[in-house]
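The next block holds one structure in the form of structure tokens; read it before the comments.
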Amino acid sequence: MAALLAAGFLLSACSREQPANAAPTRITKATVPEAASVPAAATPAVSDTYAELMRVVFGSHYRPAKGNALADMTDPDDRRKRLPMVVTGVGSTRLPNGETVLAVNGEMADGDGEPMSGHASSGLLSLYLLDNKDGQWHVRRRHESVASLGSFGQLGELKWVNLTKDKIGLAVLHGGTWQGQTITLLALFDPLADKIADLVGESIPVYSGNDGACGPSTDTCWEAEAQWHFEPGSAAYDDLVLAITGYEDNAKHPDAEPKDEDEAVERVRKSLNANVRYVYDGKRYQLRDGSNTIPGI
């Protein structure tokens, strides 16, 4: 059931996802506009859903022929420095206060302005808040290089979710496959936070399996997946609830030496089923009930 991240994640469902064009009605105070220098529109050589917003945010650095921008971005390891990156729009939605949030993925650029991402390279998440007054877009806030997620230079799968009934958040399902073992992790972000960071701290595992590494003589084989959703709570964000189903098959005699790698070992199955609740404590989501039984890799 597991698949490579580059081919697409096996994703958990969220029962309260926010449609990309939804327009909730909560109103908050807007910040002071920032004028944007927008290059003349050009017909992109590639299809880019976010071309209009990308032009506003990156100006002449946007490359319509490639559907991305080549721009200096904040170095996540030393925020005093900036590094050349290839930046691509990967998601947007309208927030309850009327602003639009644009999510972009950044990859390190080589000398020719092309991405140089390998298997171990994460994507770099940045978020931009914009509004449209009288047909003119303005950038309100810029949150650069807020998180390094995913592999092969890609963040993963983005979903807009309701962190409460009137707060839209960004969920990122990220991870990868290494030596036949796959893991998917959940990260959460509030685009309207003053300082944007992953609300779960170190991302929460929602899927893992080692189908690609499980042979007849492998001591341990497993697969576990969480269906996740939010439930009303008493904190600033609703509780995050996981329903985990899965198994772990362990060799009955792990010290026994198989005659060859094709010899099937006798295994004993252990259930990984669990119900788990995470509650926001004012800084991050903390495990309150149950135990997350999804194995790491």
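The values are calculated or read from the model by the stated rules, or taken from the named source; none is laboratory data. Everything quoted here is computed from the prediction, not taken from an experiment. Positions of Cβ are backbone-derived with ideal geometry, glycine not excepted, and every protein chain shown enters the neighbour counts. Just the protein is used for accessible areas: all its heavy atoms, side chains included, with ligands, DNA and RNA removed. Shrake-Rupley method; radii C 1.70, N 1.55, O 1.52, S 1.80 Å.
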Consider T100 against the criteria (1) surrounded by fewer than 18 Cβ atoms within 10 Å (Cβ to Cβ); (2) under 18 Å from Y50 (Cβ atoms): it satisfies all of them except one. Which criterion is unmet?
(1)
Number of the exception - G175 against (1) assigned by the TED database to the domain that holds T88; (2) in a strand (DSSP E or B):
(1)
Filtered residues of the range 187-212 (kept if open to solvent by 40 Å² or more (accessible area, probe 1.4 Å) and either outside any loop (DSSP other than H, G, I, E, B) or closer than 22 Å to N273 by Cβ (or both)):
D211, G212
If you go through the range 142-154 one residue at a time, how many are under 20 Å from H61 (Cβ atoms) and buried (at least 18 other Cβ atoms within 10 Å of the Cβ)?
5
For the structure I just gave you, tell me whether I183 is closer than 27 Å to E99 by Cα, β-branched (V, I, T) and under 18 Å from the mean Cα position of the chain (by Cα).
no
If V146 satisfies every condition in (1) farther than 18 Å from L272 by Cβ; (2) outside the structural domain of V87 (by the TED database) but one, which is the exception?
(2)
Check the range 255-265 and report whether any residue there is under 16 Å from T293 (Cα atoms) and either small (G, A, S) or at pLDDT 95 or above (or both).
no
Residue within the range 122-133 that is touching a helix residue (DSSP H, G or I) at 6+ places or on another chain (Cβ under 6 Å), outside the structural domain of T182 (by the TED database) and surrounded by fewer than 20 Cβ atoms within 10 Å (Cβ to Cβ) present
no
Kindly indicate which of T177, T164 is at pLDDT below 95 and among the β-branched types (V, I, T).
T177
Test R79 against the criterion of being basic (K, R), closer than 24 Å to L185 by Cβ and open to solvent by 10 Å² or more (accessible area, probe 1.4 Å), and give yes or no.
yes
Of all strands (runs of 3 or more DSSP E) fully inside the range 218-297, the set with 1 or more residues that are within 30 Å of F189 (Cβ to Cβ) and either touching a residue at least 24 places away in the same chain (Cβ under 8 Å) or open to solvent by 20 Å² or more (accessible area, probe 1.4 Å) (or both) is 220-231, 239-251, 274-280, 285-289
Please enumerate the residues belonging to the range 160-177 that are at negative phi and either among the hydroxyl-bearing types (S, T, Y) or in contact with a helix residue (DSSP H, G or I) (Cβ under 9 Å, 6 or more places away or on another chain) (or both).
T164, H174, T177
Residue that is in contact with a Ser or Thr (Cβ under 8 Å, 6 or more places away or on another chain) and touching a residue at least 12 places away in the same chain (Cβ under 8 Å), where the choices are L163, L149, L188:
L149
Restricting attention to the range 170-186, and to residues there that are among the hydrophobic types (A, V, I, L, M, F, W, C) and closer than 12 Å to G296 by Cβ, which single residue is least open to solvent (accessible area, probe 1.4 Å)?
I183
With the requirement that a residue be within 19 Å of L192 (Cα to Cα), among the aliphatic types (A, V, I, L, M) and free of Cβ contacts under 8 Å to residues at least 60 places away in the same chain, what does the range 120-146 give you?
L124, V146
